[in-house]
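Everything below concerns the one structure shown next.
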């Protein structure tokens, strides 16, 4: 079977376009560093996550909130286009809380509410988030 030269070029071009998208998806990792602790998140690709990425790197403050999370107040509200209901909540989820416009880094069980947008999930466990206190935090892509 003979492949038409234009078809071959189109297929090669399409394959080339797919490679950067795959590489970009694999590199959507974010580091949260505070008081000698480090948490790395694999981020989900949605409008809210992309808006968060647009403000990184940044240095803010991280603190404990309630009994199951740490929070980081952002300098501005994020795009809410990443909202999608979910039912598989797990410790280690990174969410954006619409009510206050802050990041919620869950280290224990929580329940989905319609004011949370899930942005990603922690790699390697929640131990760094169990470090109690209020600290300067650096958030950056890696």
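Quickly run through the stretch 90-123 and pick out the residues that are more than 17 Å from residue 46 (Cα to Cα) and either buried (at least 19 other Cβ atoms within 10 Å of the Cβ) or modelled with pLDDT of 95 or more (or both).
If the condition is that a residue be more than 17 Å from residue 46 (Cα to Cα) and either buried (at least 19 other Cβ atoms within 10 Å of the Cβ) or modelled with pLDDT of 95 or more (or both), then 90, 91, 92, 99, 100, 105, 106, 107, 108, 109, 110, 123 are the ones that fit.
To keep it simple, each residue is scored yes or no on (1) more than 17 Å from residue 84 (Cβ to Cβ); (2) surrounded by 19 or more Cβ atoms within 10 Å (Cβ to Cβ); (3) in contact (Cβ under 8 Å) with a residue 60 or more places away in the chain.
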{"site": "31", "(1), (2), (3)": "yes, no, yes"}
{"site": "36", "(1), (2), (3)": "yes, no, no"}
{"site": "43", "(1), (2), (3)": "no, yes, yes"}
{"site": "50", "(1), (2), (3)": "no, no, no"}
{"site": "54", "(1), (2), (3)": "yes, no, no"}
{"site": "57", "(1), (2), (3)": "yes, no, yes"}
{"site": "65", "(1), (2), (3)": "yes, no, no"}
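Residue 1 - would you say it is assigned to a loop (DSSP other than H, G, I, E, B), at pLDDT below 95 and over 18 Å from the mean Cα position of the chain (by Cα)?
Details: assigned to a loop (DSSP other than H, G, I, E, B): yes; at pLDDT below 95: yes; over 18 Å from the mean Cα position of the chain (by Cα): yes.
Answer is yes for this residue.
Answer yes or no as to whether residue 131 is buried (at least 21 other Cβ atoms within 10 Å of the Cβ), in contact (Cβ under 8 Å) with a residue 24 or more places away in the chain and over 14 Å from the mean Cα position of the chain (by Cα). Break it down into steps so the answer makes sense when it comes.
On the way: buried (at least 21 other Cβ atoms within 10 Å of the Cβ): no; in contact (Cβ under 8 Å) with a residue 24 or more places away in the chain: yes; over 14 Å from the mean Cα position of the chain (by Cα): yes.
In short, no.
Could you say which residue among 20, 57 is more than 10 Å from the chain's Cα centre (by Cα) and at pLDDT below 95?
Checking each option against the conditions leaves just 20.
The values are calculated or read from the model by the stated rules, or taken from the named source; none is laboratory data. What you see is a predicted model; the values in this text were computed from it and never measured. Every residue, glycine among them, receives a Cβ derived from its backbone with ideal geometry; neighbour counts consider all protein chains shown.
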